[in-house]
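Taking it in order: structure first as structure tokens, then the write-up.
The values are calculated or read from the model by the stated rules, or taken from the named source; none is laboratory data. Treat the numbers as computed from the prediction; the structure is a model and nothing was measured. No Cβ is skipped: glycine too gets one built from the backbone with ideal geometry, and neighbour counts run over all protein chains shown. Side chains included, ligands, DNA and RNA excluded: accessible areas come from the protein's heavy atoms. Shrake-Rupley method; radii C 1.70, N 1.55, O 1.52, S 1.80 Å.
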Amino acid sequence: MPSAIEVRKVPIHSVADASELTKLIDEGVIAADRVFAIIGKTEGNGGVNDYTRIIADRAFREALIAKGADPEQVKGVPIVWSGGTDGVISPHATIFATTDVAEDDPSREEMRLTAGFAMSEPILPEEIGYVAMIEKVAAGVKVAMERAGITDPADVHYVQTKTPLLTIHTIRDAKARGKSVWTEHTHESMDLSNGVTGLGIAVALGEIEMPTDADVMHNRDLFSAVASCSSGVELDQAQIVVVGNAKGVGGKYRIGHSVMKDALDSDGIWEAIRTAGLDLPERPRTSDLDGKLVNVFLKCEASQDGMVRGRRNAMLDDSDVHWHRQIKATVGGVTAAVTGDPAVFVSVSAAHQGPEGGGPVAAIVEVS
């Protein structure tokens, strides 16, 4: 059975800042060698060339090593950075670490937060956008789920991934081997990689049957309600963190999930918090959270019909500011209005992750 988990959200004061992680370690809240995952937002452009993700990755790994963690162990810690803090979204990181709970602790009899990590087989550039990638992601999700001690897919509430996208270099590599790629537009490949990964998660958890190549990015009725997929230039495998609840683990945290039906659906955020275990009134307010919300994790997507609640918008036609940035800022504002805290994990490019025009929401709360 996996260990109990301590989870804390910390601000990032500058691009290369990991001081708040160091502070948690110095204060004895967590141990450097027991950190097993970090999920955060960095302040770059969120695009293919967003190197703030690499800078933050280095800063946090170096902080763990400086505080005594084994360098080889730190290399394997999944650190998932989503670039782009558009609007009011504030740079931050959510730190996951194992902790100790007494064998006779009553929390072991309750459903409590658990997580598992896995890496898929290497994903070739010519596999991005096709069933071959879906299969590799699905296999990795099942491994991570087993490591989390979760046997029922219904107890999985959040799957955070980082997968490779296409770059000029990898496109050239595929062509040199006589292969073709789904797209030669590197920015488009970000949406593609995320979408295919969402389908892989949905297959692994039994949310859908195995789709066809033709379904990818076209059949938006196929999606996972718990997938949060990100992609970047820094790896060639799917990096997978499965988060859910299980008995026997113990601890003081739980996770729940729901979906936003559209970009303004604050009720979907409240429902995720409620399903995590907080007792909320029918029409909750931020003050009802009472400091018990650790963080929320969302994906968002501009609706393909260019509409929100019957009103048209110009996001998809805007040649000056890409829709990625506009929808992220919108949903970030809606989310911060619910939580009362702009340090929320809102990531764009949600094809096959939640309903079309909306997206999945996961919430971690302290329940004891």
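Enumerate the pairs (first residue in segment 316-330 and farther than 20 Å from Ser90 by Cα; second residue anywhere and open to solvent by less than 60 Å² (accessible area, probe 1.4 Å) and in a helix (DSSP H, G or I)) with beta-carbon separation below 6 Å, excluding pairs fewer than 6 apart on the same chain, so at least 6 apart or on different chains.
Final answer for the pair search is Leu316/Trp323.
When only residues in segment 349-368 that are within 24 Å of Glu109 (Cβ to Cβ) and assigned to a loop (DSSP other than H, G, I, E, B) count, which is most open to solvent (accessible area, probe 1.4 Å)?
My answer is Ser368.
Kindly indicate which of Ile5, Ile39, Ile12 is buried (at least 19 other Cβ atoms within 10 Å of the Cβ) and farther than 26 Å from Val348 by Cα.
Ile5
Can you tell me how many residues in segment 26-45 are of a type in the set (Asp, Glu) and closer than 27 Å to Cys229 by Cβ?
1
Please count how many residues of segment 142-162 are out of contact with any Ser or Thr (no Cβ under 9 Å at 6 or more places or on another chain), in a helix (DSSP H, G or I) and open to solvent by less than 70 Å² (accessible area, probe 1.4 Å).
Summing the residues that are out of contact with any Ser or Thr (no Cβ under 9 Å at 6 or more places or on another chain), in a helix (DSSP H, G or I) and open to solvent by less than 70 Å² (accessible area, probe 1.4 Å) in segment 142-162 gives 3.
For segment 233-269, name all the residues that are touching a residue at least 60 places away in the same chain (Cβ under 8 Å), open to solvent by 20 Å² or more (accessible area, probe 1.4 Å) and in a helix (DSSP H, G or I).
Within segment 233-269, Ser266 is the sole residue that qualifies.
Out of all the residues in segment 299-322, is one or more under 19 Å from the mean Cα position of the chain (by Cα), assigned to a helix (DSSP H, G or I) and surrounded by fewer than 20 Cβ atoms within 10 Å (Cβ to Cβ)?
Looking for residues that are under 19 Å from the mean Cα position of the chain (by Cα), assigned to a helix (DSSP H, G or I) and surrounded by fewer than 20 Cβ atoms within 10 Å (Cβ to Cβ), one finds none in segment 299-322, hence no.
Over 30 Å from Ala329 (Cβ atoms) and touching a residue at least 60 places away in the same chain (Cβ under 8 Å): does that describe Ala97?
yes
Show the residue pairs that are 6+ apart or on different chains and have beta-carbon atoms under 6 Å apart, the first residue being within segment 194-210 and part of a helix (DSSP H, G or I), the second being open to solvent by 20 Å² or more (accessible area, probe 1.4 Å).
Pairs found: Gly195/Met217; Ala202/Ile208; Val203/Met210; Ala204/Lys142.
Can you pull out every residue in segment 89-101 that is part of a strand (DSSP E or B) and within 15 Å of Arg325 (Cα to Cα)?
If the condition is that a residue be part of a strand (DSSP E or B) and within 15 Å of Arg325 (Cα to Cα), then no residue fits.
Name every residue in segment 270-286 that is of a type in the set (D, E, K, R) and either part of a helix (DSSP H, G or I) or open to solvent by less than 20 Å² (accessible area, probe 1.4 Å) (or both), in order of residue number.
Going through segment 270-286, the residues of a type in the set (D, E, K, R) turn out to be 271, 274, 279, 282-283, 285.
Residues satisfying the conditions are Glu271, Arg274.
Hey, can you tell me all the residues within segment 108-126 that are assigned to a strand (DSSP E or B) and either farther than 16 Å from Thr98 by Cα or aliphatic (A, V, I, L, M) (or both)?
Within segment 108-126, Leu113, Ala115, Ala118, Met119 qualify.
Tally up the residues in segment 323-348 that are assigned to a loop (DSSP other than H, G, I, E, B) and among the aliphatic types (A, V, I, L, M), please.
So the count comes out to 2.
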